[in-house]
1. Within the range 89-110, how many residues are among the aliphatic types (A, V, I, L, M) and buried (at least 20 other Cβ atoms within 10 Å of the Cβ)?
2. Under the condition of being of a type outside the set (D, E) and part of a loop (DSSP other than H, G, I, E, B), which residue from the range 5-26 is nearest to V81 (Cα to Cα)?
3. Note down all Cβ pairs under 6 Å where the first residue falls in the range 164-183 and is among the aromatic types (F, W, Y), the second is assigned to a loop (DSSP other than H, G, I, E, B) and surrounded by fewer than 16 Cβ atoms within 10 Å (Cβ to Cβ), and they're at least six residues apart or on different chains.
4. Report, by residue number, each residue of the range 15-44 that is touching a Leu at 6+ places or on another chain (Cβ under 8 Å) and of a type in the set (V, I, T).
5. Looking at the range 111-123, is at least one residue buried (at least 19 other Cβ atoms within 10 Å of the Cβ), in contact with a Cys (Cβ under 9 Å, 6 or more places away or on another chain) and either assigned to a helix (DSSP H, G or I) or not assigned by TED's automatic domain parsing to the domain that holds A69 (or both)?
6. When you scan the range 35-53, do you find a residue that is part of a helix (DSSP H, G or I), surrounded by 16 or more Cβ atoms within 10 Å (Cβ to Cβ) and touching a residue at least 24 places away in the same chain (Cβ under 8 Å), even just one?
7. In the range 129-228, which helices (runs of 4 or more DSSP H) lie fully inside it and hold 2 or more residues that are loosely packed, with under 13 Cβ neighbours inside 10 Å and under 18 Å from the mean Cα position of the chain (by Cα)?
8. Please find, within the range 67-101, the residue that is farthest from D132 (Cα to Cα) out of those that are touching a residue at least 12 places away in the same chain (Cβ under 8 Å) and in a loop (DSSP other than H, G, I, E, B).
Amino acid sequence: MYQLYIANKNYSSWSLRPWLLLKELEIPFEEQLVTFDEGGSWKKFRSFAPNGLVPCLVDGEVRVWDSLAIVEYVAESFPQVWPQERGARAWARSATAEMHSGFGALRDICTMNCGVRIALAEITPALQKNIDRIDELWREGLERFGGPFLAGNTFTAVDAFYAPVAIRARTYGLELSAAAEAYAERLLQLPAMRVWVADALQETWREPGHEEELARAGSILEDNRRNPA
């Protein structure tokens, strides 16, 4: 059985992606949660991941240490990871790769935090450009392939890769078109997504670096996380 190493559910958007994919597709795995440490976790994460980062999938002697590589590895045994139709699969792979390598302003300004609501101090032109592109991409997928998911009627890897954006949209009150907002809510209501967020709210760990990023983003309106131990 796969072992999937992840970090704090409240913070780790990269961990969410393969975790949600495996859960929603009912692919068996064992979760191994290793928390972020103050001042960096590279040495601790190196015990299971060659690059000292999460997520990392372990399958016997095989270690796969990048989220997109994990998706492709799992897809070799579970083809439902990607859409079955060739055109939809090509579009989904392209959109997934765009998420994997892009949207830097969104990542930097709107870091993932499941348990809070933030009034952004500023929406920079770069951030607005990222939001507009995500909205455009989501509407394109929904219109082209008929929904309710980005590449058709089933949840696939491309949806898993944009799931953290749905959390960010709620956390920071990002303005989206009606179709994109409805899609974000659809992701948030997935059974596995609800489990992830519920687990995140129960975490008592606070990692200073992530908390400092949150404070720079704007004003905290709500904090629904369990109090630190």
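The values are calculated or read from the model by the stated rules, or taken from the named source; none is laboratory data. All figures in this text were calculated on a predicted structure; none of them were measured in a lab. Note that each Cβ is placed from the backbone with ideal geometry, even for glycine, and that neighbours are counted across all protein chains shown.
1. Within the range 89-110, the subset among the aliphatic types (A, V, I, L, M) is 90, 92, 95, 97, 99, 105-106, 109.
Those still in the list that are buried (at least 20 other Cβ atoms within 10 Å of the Cβ) too: 92, 95, 99, 106, 109.
Residues flagged as among the aliphatic types (A, V, I, L, M) and buried (at least 20 other Cβ atoms within 10 Å of the Cβ) within the range 89-110 amount to 5.
2. Applying the first criterion (of a type outside the set (D, E)) to the range 5-26 yields 5-23, 25.
Narrowing further to those that are part of a loop (DSSP other than H, G, I, E, B): 7-12, 25.
Details: A7: 23, N8: 24, K9: 22, N10: 25, Y11: 24, S12: 21, L25: 8 Å.
Residue satisfying both the conditions and the ranking: L25.
3. Once the first residue is among the aromatic types (F, W, Y) and sits in the range 164-183, no partner that is assigned to a loop (DSSP other than H, G, I, E, B) and surrounded by fewer than 16 Cβ atoms within 10 Å (Cβ to Cβ) comes close enough.
4. I27
5. Yes, the range 111-123 contains at least one residue that is buried (at least 19 other Cβ atoms within 10 Å of the Cβ), in contact with a Cys (Cβ under 9 Å, 6 or more places away or on another chain) and either assigned to a helix (DSSP H, G or I) or not assigned by TED's automatic domain parsing to the domain that holds A69 (or both).
6. Yes: one or more hits.
7. Ranges flagged: 191-202.
8. Among them, the one singled out is F78.
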